Amino acid sequence: MMRGRGLVNQLATLVVTILTCVWMTVPAYAEDGYDLWLRYTLLSGEEANAARPFVGGSVQLLADRSETINRAISELGEAGAAMTGLKISPHPQLVLARADRVESGSYLAEIRLVGAPEGAFSIRTARNGRIAITANDDIGLLYGTFALLRHVQATGSNEGVERFSAPAMPLRMLNHWDNPDGHVERGYAGRSIFDWWHLPEKLDQRMIDYARANASIGINGAVVNNVNARSFMLEPRYIAKLKRLADAWRPYGIRVYLSARFSAPRDIGGLDTADPLDPAVRAWWQAKADEIYAAIPDFGGFLVKANSEGQPGPQDYGRTHADGANMLAEALGPRGTVIWRAFVYSAEDETDRAKQAYAEFVPLDGQFADNVIVQVKNGPIDFQPREPFHPIFGAMPNTRLMLEAQITKEYLGFASHLAFLAPMWKEVLDAETGRMGSVAQVVAPAGLAGVANTGSDRNWTGSHFDQANWYAFGRLAWNPSLDSETIAREWAAQTFTRHPASIDRIANIMLGSRETVARYMTPMGLAHLMDTGHHYGPAPWVCDLPRPEWNPCYYHRADEQGIGFDRTVSGSDALSQYHPSVASQWADPAQIDPRFLLWFHRVDWNERLPSGRTLWEELVGRYDRGIAEVDAMTASWALLEDVIDPGRFRDVSQNLAIQQAEARWWRGTSLAYWQSLNNLPLPEGAQPVPDTLGEYRARRFPEAPGQ
Ligand code: GCV
């Protein structure tokens, strides 16, 4: 007996010892990125006062309870507790008020809410420290809640939180290129977050966390499947799955949309045509829309990729894009929206690919139904590290146009390269079309769509810094006039640290990073030099793919003499698709911003540029600068070791090491290839190219993700 008890005691001691060792070596809470920018870390000392008003979610409510209001209250409660370490506040110091419940003359009355768009909100503070959020609708109260929490998280204070804020555009949506089997096209963050297999019975917690994260930055729609769509996702079993998502997301103001395959009436409907003018086809879509709305009354609508890269469409029946879009628009009626993509180009069309979408769509201006939006990529080719804005933005005044940006970094180094994309999106949003104001103004009646970068990786986006691109997309869709620096700083403060010098450092790393990637991949307006299919790494020598415009050679046109695509009047004349005031900025190779030079002009290698250097010298200089900048980013990040939690510090450091190596690979490959054509030596002082062209060409990556 004694011996038995001794054994028990020994075992108990062993367990305690093991647990103690484990406790001492594993931090209580290891940051892994899952919490995104919603970490709500403990505020110190004085700062904690900022969060006191909403500790415990003790809120004075001038609104009826709803699921959305409940989310706002629990968010406030959890954030307050986490930021102060307190659980209960006896005196509610926060007011959530619907504008229609506010008496005129009250300090809560907010004139700017009259006629304001859905989701607008106002935050006021009273002298007694009380904070009030007022909105016309519940979702506005939730957005206001997140704006307040963002401010407190980012600044450690509620000073300066007062604001009126309204979304600049009605649709702020993510487009997922997720396939029903869990693979994500151009996805670099693991598998799809959508567990279609187990839906509708099982709803993963991620689906709630996803909706919450989106709501926190004002995103209000999600297209849940790839534009290269499968028709079976319109079948009843998938409508049931979609309904479960829609129900879960509704409190967060997220409407669900589906990518629809145009041939669905044939594929799953038993018809022998998908001709949009065929009455049976029209009836099929009408019945399908009714079936969806019976399950999901606030279904957002359809996104369609038609007659593009092998997808079916109305042109298969001799009809136009407008015929196809309007047929679907009629089926949805005022209940929803058809988002029709303008990303079209054809293997048979000999004209410059950059001109083709404009040529197909601009003649249809004014022919689309009111509930159709035409979705246009930021540039006329395909999400390259740099493109001029798409000329369609200045050319369809009678059509609602939506901007499609790519958050996932198909052409910017996947998830391993650090590239903060807000400056890229600002470039297009701020671009003056010359006819209809800036691109941001053109798309204001419709919205902004971003190809999502989410996946099953613990940190959601494949890398910690790619979270910033999801965040920036939402913030810019809400307010395109925000500047990149503001977004970078508030994201860094919420995601990493509020330590001022560290925010400076992180923001600095972020702000130049996209330009850096453009420098070492596609400097001076070069484009589409990526390897075939997976688009991972450089392959400028590819010239023999059956579709000409799939070849890097098609884009760079380099030979012994020079390099670049002549899109002036002496070449493809793509310039003429822009308003003269815009085209004139790009027409003269001596005047053009050198970052666009080779997009619009073919230039001899030895031509002297306004910088005084030859094109070749300038190009090599830009590759080298790109490398130096990645090295500087890496060195700068290394100085944050004491400020950032070890897990995320190490993750980012490892990615930067990959980026350093791959930037050198881009430079080396590109220079070796250009030299094989121009036979020029590297300019004096430039580092030699480490490998031979043959060695670069021999690299193969059939397993690269995202294809
Ligand atoms: C979804 C590019 C990408 C494709 C993508 C296509 C599109 O071509 O490489 O993966 O397909 O754009 O936007 O439709």
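The values are calculated or read from the model by the stated rules, or taken from the named source; none is laboratory data. For clarity, every value in this text was computed on a predicted model and none was experimentally measured. A quick note on method: Cβ atoms are made from the backbone with ideal geometry, for glycine too, and the neighbour counts reach across all protein chains shown.
When the residues of the stretch 494-504 are filtered to those that are in contact (Cβ under 8 Å) with a residue 24 or more places away in the chain and out of contact with any His (no Cβ under 9 Å at 6 or more places or on another chain), which remaining residue is surrounded by the most Cβ atoms within 10 Å (Cβ to Cβ)?
Gln494
Taking Gln675, is it farther than 27 Å from Asn459 by Cα and part of a helix (DSSP H, G or I)?
yes
Pick from Glu330, Glu404, Glu387: which is within 16 Å of the ligand (Cβ to nearest atom), in contact (Cβ under 8 Å) with a residue 12 or more places away in the chain and outside any loop (DSSP other than H, G, I, E, B)?
Glu404
Pairs, please: C-beta under 6 Å, at least 6 apart or cross-chain, first residue hydrophobic (A, V, I, L, M, F, W, C) and in the stretch 464-484, second part of a helix (DSSP H, G or I)?
Pairs that qualify, where the first residue is hydrophobic (A, V, I, L, M, F, W, C) and the partner is part of a helix (DSSP H, G or I), are Ala468/Trp491; Ala472/Ala422; Ala472/Ile487; Leu476/Trp425; Leu482/Arg475.
Residues Ala246, Ala264: which one is away from the ligand (no atom under 16 Å from the Cβ), more than 18 Å from Thr68 (Cα to Cα), of a type outside the set (Asp, Glu) and surrounded by 17 or more Cβ atoms within 10 Å (Cβ to Cβ)?
One residue alone meets the criteria, Ala264.
Please give the number of the condition Arg282 fails out of (1) in contact with a Gly (Cβ under 7 Å, 6 or more places away or on another chain); (2) part of a helix (DSSP H, G or I); (3) not hydrophobic (A, V, I, L, M, F, W, C).
(1)
Which of the residues belonging to the stretch 303-324 are in contact with a Leu (Cβ under 9 Å, 6 or more places away or on another chain) and more than 15 Å from the ligand (Cβ to nearest atom)?
Pro314, Tyr317, Arg319, Thr320, Ala322, Asp323
Mind checking which residues of the stretch 451-509 are within 16 Å of the ligand (Cβ to nearest atom) and either of a type in the set (Val, Ile, Thr) or over 29 Å from Trp177 (Cβ atoms) (or both)?
Val451, Thr454
Please identify the pairs in which a residue from the stretch 664-676 that is among the β-branched types (Val, Ile, Thr) has its Cβ atom under 6 Å from the Cβ atom of a residue that is not in a helix (DSSP H, G or I), counting only partners at least 6 apart or on another chain.
Between residues of the stretch 664-676 that are among the β-branched types (Val, Ile, Thr) and residues that are not in a helix (DSSP H, G or I), the close pairs are Thr669/Pro538.
Out of the residues in the stretch 181-234 that are among the hydroxyl-bearing types (Ser, Thr, Tyr) and away from the ligand (no atom under 15 Å from the Cβ), which is nearest to Ala264 (Cα to Cα)?
Of everything passing the filter in the stretch 181-234, Ser231 is nearest to Ala264 (Cα to Cα).
Specify the residue that is farthest from the ligand (Cβ to nearest atom); the eligible residues are those in the stretch 369-384 that are of a type in the set (A, V, I, L, M, F, W, C) and surrounded by 21 or more Cβ atoms within 10 Å (Cβ to Cβ).
Residue satisfying both the conditions and the ranking: Val372.
Keeping to the stretch 629-647, report how many residues are in contact with a helix residue (DSSP H, G or I) (Cβ under 9 Å, 6 or more places away or on another chain) and assigned to a helix (DSSP H, G or I).
Of the residues in that region, 9 qualify.
With the requirement that a residue be of a type in the set (A, V, I, L, M), surrounded by fewer than 22 Cβ atoms within 10 Å (Cβ to Cβ) and within 20 Å of Tyr555 (Cα to Cα), what does the stretch 345-368 give you?
Scanning the stretch 345-368 gives Ala347, Ala359.
If Arg71 satisfies every condition in (1) in contact (Cβ under 8 Å) with a residue 40 or more places away in the chain; (2) surrounded by fewer than 21 Cβ atoms within 10 Å (Cβ to Cβ); (3) part of a helix (DSSP H, G or I) but one, which is the exception?
Evaluating Arg71 over (1) in contact (Cβ under 8 Å) with a residue 40 or more places away in the chain; (2) surrounded by fewer than 21 Cβ atoms within 10 Å (Cβ to Cβ); (3) part of a helix (DSSP H, G or I) leaves (2) as the failure.
Looking at the stretch 407-428 only, could you name the residues that are among the basic types (Lys, Arg) and within 16 Å of the ligand (Cβ to nearest atom)?
Of everything in the stretch 407-428, just one residue is among the basic types (Lys, Arg) and within 16 Å of the ligand (Cβ to nearest atom), namely Lys409.
Does Thr351 fit the bill of being without any contact (Cβ under 8 Å) to a residue 40 or more places away in the chain, assigned by TED's automatic domain parsing to the domain that holds Asp278 and either more than 16 Å from the ligand (Cβ to nearest atom) or closer than 25 Å to Phe299 by Cβ (or both)?
no
Among all residue pairs at least 6 apart or on different chains, which show Cβ distances below 8 Å where the first residue, located in the stretch 527-538, is closer than 15 Å to Ser670 by Cβ and the second is part of a strand (DSSP E or B) and away from the ligand (no atom under 11 Å from the Cβ)?
Here the result reads Leu529/Pro538; Met530/Pro538; Asp531/Pro538, each pair linking the stretch 527-538 to a residue that is part of a strand (DSSP E or B) and away from the ligand (no atom under 11 Å from the Cβ).
If Ser438 meets every condition in (1) among the small types (Gly, Ala, Ser); (2) in contact with a helix residue (DSSP H, G or I) (Cβ under 8 Å, 6 or more places away or on another chain); (3) touching a residue at least 60 places away in the same chain (Cβ under 8 Å) apart from one, which number is that one?
(3)
Residues in the stretch 586-638 that are among the hydroxyl-bearing types (Ser, Thr, Tyr), surrounded by fewer than 20 Cβ atoms within 10 Å (Cβ to Cβ) and over 23 Å from Gly571 (Cα atoms): how many?
3
Note down all Cβ pairs under 6 Å where the first residue falls in the stretch 285-305 and is more than 13 Å from Ala240 (Cα to Cα) and in a strand (DSSP E or B), the second is within 16 Å of the ligand (Cβ to nearest atom) and aromatic (Phe, Trp, Tyr), and they're at least six residues apart or on different chains.
Close Cβ pairs (under 6 Å, with a partner that is within 16 Å of the ligand (Cβ to nearest atom) and aromatic (Phe, Trp, Tyr)) amount to Gly301/Tyr257; Leu303/Tyr257; Val304/Trp340.
Only one of (1) within 16 Å of the ligand (Cβ to nearest atom); (2) over 26 Å from Ile296 (Cα atoms); (3) of a type in the set (Ser, Thr, Tyr) fails for Ser165. Which number is that?
Condition (1) is where Ser165 drops out.
Return the residues of the stretch 333-348 that are more than 16 Å from the ligand (Cβ to nearest atom) and of a type in the set (S, T, N, Q); say none if nothing qualifies.
Selection gives Thr337 alone.
Please state which of the following conditions Leu328 fails to meet, knowing it meets all the rest: (1) under 20 Å from Pro552 (Cα atoms); (2) crowded, with 24+ Cβ neighbours inside 10 Å.
(1)
Residues checked against (1) in the same structural domain as Asn606 (by TED's automatic domain parsing); (2) closer than 23 Å to Ser653 by Cα; (3) in contact with a strand residue (DSSP E or B) (Cβ under 7 Å, 6 or more places away or on another chain); (4) in a loop (DSSP other than H, G, I, E, B):
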{"site": "Ser463", "(1), (2), (3), (4)": "no, yes, no, yes"}
{"site": "Phe473", "(1), (2), (3), (4)": "no, no, yes, no"}
{"site": "Ile487", "(1), (2), (3), (4)": "no, yes, no, no"}
{"site": "Glu490", "(1), (2), (3), (4)": "no, yes, no, no"}
{"site": "Ala493", "(1), (2), (3), (4)": "no, yes, no, no"}
{"site": "Thr497", "(1), (2), (3), (4)": "no, yes, no, yes"}
{"site": "Asn508", "(1), (2), (3), (4)": "no, yes, no, no"}
{"site": "Pro540", "(1), (2), (3), (4)": "yes, no, no, yes"}
{"site": "Pro546", "(1), (2), (3), (4)": "yes, no, no, yes"}
